[in-house]
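One structure below.
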Amino acid sequence: MIRIPILAQNISGVSKMTDRLKNKNAIITGAASGIGRATAALFAREGANLILADINDKLLTDVLNEIKDFGGKYFTVQTDVSSEASIQAMIRFGLEKFSFIDILVNNAGIGGNLDNLEDQKQEEWQKVFEVNVLGPVYATKHIIAHMKQRRQGSIINIASVAGLLSGAGGNAYSASKAALINFTKTSACEVGAYNIRVNAICPGLIETAMTQPFFDWARSTGKENQLGKYCELKRAARPEEVAWAIVFLASDEASYITGQAIAVDGGITASMSIPGRKI
């Protein structure tokens, strides 16, 4: 498999803004690392003002320092997306800072483990669903009334190709992402009349902190070189390659797109099922 380095930890070097999101206010969960961190950098470049939410407030400070030179208004808030109260506090914080929110990116997520189903514990399933499903549900629930009043908004849920196709292992994760995709579609139907768009991005093979256990497993079993054969581009993606798709859905360029689950996967879903553990 061809390996391309993932997003550098210092993202301050991204080129100047092009104003695709100028004067828009956005909340990004899971903004401290991986896809969320890359999305924060590109949103800042494109002129957005940001509320950066994550459970790791130290890393949020690092991201804030890296994007500060883009000239927008950026704030951080420690948030546990598995807690509805914490999500409500995040939404209140955003509205206090900006008075209105245009964009919500539900990016925070966890991967769970790759154990056989009979070895998985109930607590594992519960935690994965609390973060990956209920987190976006809570955030969407508590931002919708505000967006309805303004009759506009874009909500982007970060799902996975694992929610579109099946593969052995990662049962809880795959099931949670399938649930998130269906939640995206039903929500889009419910709020479309208010000019609120709800879409999902389904990333494929991306090496981030969340997916690291899968890559570690592949390497420990001598199967790393086989990962690329399930992707037509024969490589893992960089987080910013997914973030660009999020920028598009957040922008006015995507004003007629809603209820979609868009795969950003290097061609995985074009050819065959994802490998799971059986590669």
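Bear in mind these aren't lab numbers, they're just calculated from the coordinates by the rules spelled out. Here the structure is a predicted model, which means the values were calculated and not measured. Here the Cβ is made from the backbone with ideal geometry for all residues, glycine too, and neighbour counts use every protein chain on show.
For the stretch 90-118, enumerate the residues that are under 24 Å from Tyr194 (Cα atoms) and among the hydrophobic types (A, V, I, L, M, F, W, C). Passing the criteria: Met90, Ile91, Phe93, Leu95, Phe98, Phe100, Ile101, Ile103, Leu104, Val105. Listed by position, the helices (runs of 4 or more DSSP H) inside the stretch 17-130 whose residues that are in contact with a Lys or Arg (Cβ under 9 Å, 6 or more places away or on another chain) number at least 1 are 34-45, 57-67, 84-98.
Every residue, every condition in (1) touching a Phe, Trp or Tyr at 6+ places or on another chain (Cβ under 8 Å); (2) more than 30 Å from Arg151 (Cα to Cα); (3) of a type outside the set (Val, Ile, Thr), yes or no:
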position: Tyr74; (1), (2), (3): no, no, yes
position: Asp80; (1), (2), (3): no, no, yes
position: Ser86; (1), (2), (3): no, no, yes
position: Ile91; (1), (2), (3): no, no, no
position: Phe98; (1), (2), (3): no, no, yes
position: Leu104; (1), (2), (3): no, no, yes
position: Lys127; (1), (2), (3): no, yes, yes
position: Gly135; (1), (2), (3): no, no, yes
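Here's the yes/no breakdown for (1) of a type in the set (A, V, I, L, M); (2) surrounded by 16 or more Cβ atoms within 10 Å (Cβ to Cβ); (3) in contact with a helix residue (DSSP H, G or I) (Cβ under 8 Å, 6 or more places away or on another chain):
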site: His142; (1), (2), (3): no, yes, yes
site: Ala145; (1), (2), (3): yes, no, no
site: Arg151; (1), (2), (3): no, no, yes
site: Gly170; (1), (2), (3): no, yes, yes
site: Ala179; (1), (2), (3): yes, yes, yes
site: Thr186; (1), (2), (3): no, no, no
site: Tyr194; (1), (2), (3): no, no, yes
site: Cys202; (1), (2), (3): no, yes, yes
site: Ile206; (1), (2), (3): yes, yes, yes
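Which ones in the stretch 167-194 are assigned to a helix (DSSP H, G or I) and in contact with an Asp or Glu (Cβ under 8 Å, 6 or more places away or on another chain)? Ala172 - this is the single residue of the stretch 167-194 that is assigned to a helix (DSSP H, G or I) and in contact with an Asp or Glu (Cβ under 8 Å, 6 or more places away or on another chain). Residues of the stretch 29-45 that are touching a Phe, Trp or Tyr at 6+ places or on another chain (Cβ under 7 Å) and not charged (D, E, K, R): Leu42, Ala44.
Taken over the stretch 99-130, residues that are more than 21 Å from the chain's Cα centre (by Cα) and either hydrophobic (A, V, I, L, M, F, W, C) or surrounded by fewer than 17 Cβ atoms within 10 Å (Cβ to Cβ) (or both) amount to 10. If you go through the stretch 45-75 and keep only what is closer than 21 Å to Gly153 by Cα and over 16 Å from the mean Cα position of the chain (by Cα), you end up with Arg45, Glu46, Gly47, Ala48, Asn49, Gly72, Lys73, Tyr74, Phe75.
Of a type outside the set (Lys, Arg), buried (at least 17 other Cβ atoms within 10 Å of the Cβ) and under 30 Å from Gln126 (Cα atoms) - does that describe any residue in the stretch 65-75? Looking through the stretch 65-75, none of the residues is of a type outside the set (Lys, Arg), buried (at least 17 other Cβ atoms within 10 Å of the Cβ) and under 30 Å from Gln126 (Cα atoms).
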